[in-house]
Amino acid sequence: MGTITRSIANNIVTGGKLDGTDGLNGTIPASNIADASLTSITSLSPSLGSAITSVSVDPPAPAEGQIWYNSSSGTLKGYQLATVNSWASGGNLPVSSPAPAGGMRNGAGAGTQTAALGFGFGLGPNTATLSYNGTSWTVPPATLNTARSYLSGCGTQTAALAVGGNAGGAVSGATESYNGTSWTSVTSLTTARGYRLGCAGTNTAAIVFGGSTSVFPTLTASAAVEAFNGTSWTNLPSMNTARSYLSGCGTQTATLAFGGTTTFTLPTVGNRVTATESYNGSSWTSVNSMNTARQSLGGVGIQTAALAFGGNSTPPGTTATGATELWNGTSWTNNPTGLATPRGAMGSAGTQTAGLGFGGYGPGNKNQTEEWTGQELQVKTVTV
């Protein structure tokens, strides 16, 4: 059969003894291998003694690194710790004081998992602003100057930016900066748009992209991109795919845009997409698509480590998903578990390893908050 490379910590040496002196690397001499491979062992030599236990059923609660021989399957097995990402319940949004018409949906977010800001909730224009401390939501002594919903936001809890949205039956270009105490109106967008445009960066170095330049019943998807320097907006190269109800993350010069809808006309609703684009400060490049097409999704992280979750997956708009995907800079991977409460039209904040999703609709108004742990250790059996 010839010498083969082993994948267990011990060499089998002359006399059938175990030798662990050379760590994880090495080879198993052909003279000590009776079967074709370690996955087709027909019996366990008595010469191995008690170093490896022979059992017919896998141990119910083995220790990390434990190895045993399963006589039923004829395989050597072991236990190892694996990192599994998951969602956990956070503090619910208040359903009264304030209670925007249409519930706690369509809000924008900024900040981190333990220091977040949510604003612009509801179906109709409103000024509601809420802050989250990792446990509960409170109403800070500040409200938006321009009432609106379907807006976007970025930045931190004490230095946020609220951009665009729907106000008074029309899309808005209103832009406001938050300093932790109050909102201040600054220069408006060059191209007014609403219906959940994308936003990334900080309140002095932001980038916005997509959205709609018209209102129901027919939305006109936009590919427009603008950069904010803390004082004024500058037009940038457009995205490859015009869309509204999208999400995004990153910085002003390293941005990721994903999901959304390219067409939307009531009552037939729209065309959800998986399109993902990356911006390097000069141009947009279409990259590998998401696995689940959706609009009104949550999105957090940076250009090379993003998290996409929730959204409306198939028409009508009330069909919600809890699907969660991770982006590694090259491709999207489905997480085994999604949001406990599937929904779209939610606010989001945080990072790929510590994300936050709050509010939404799915169908029915949602006030739940979920926290992305990113680090839950679970034990799994592996064949060695």
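The values are calculated or read from the model by the stated rules, or taken from the named source; none is laboratory data. Here the structure is a predicted model, which means the values were calculated and not measured. Ideal geometry is used to build each Cβ from the backbone, glycine not excepted, and the neighbour counts take in all protein chains shown.
Every condition in (1) modelled with pLDDT under 75; (2) of a type in the set (D, E, K, R); (3) within 30 Å of Glu371 (Cβ to Cβ) is met by Arg105 except one, and the failing one is (1).
Highlighted here are the strands (runs of 3 or more DSSP E) found entirely within segment 84-192 that include at least 3 residues which are under 26 Å from Arg243 (Cβ atoms), of a type outside the set (Asp, Glu) and in contact with a strand residue (DSSP E or B) (Cβ under 8 Å, 6 or more places away or on another chain): 108-111, 116-119, 152-156, 159-163.
Residue-wise test of (1) farther than 27 Å from Trp137 by Cα; (2) surrounded by fewer than 19 Cβ atoms within 10 Å (Cβ to Cβ).
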residue	(1), (2)
Ser289	yes, yes
Thr292	yes, no
Gln303	yes, no
Glu325	no, no
Thr330	yes, yes
Pro342	no, no
Ala345	no, no
Gly357	no, no
Tyr361	no, no
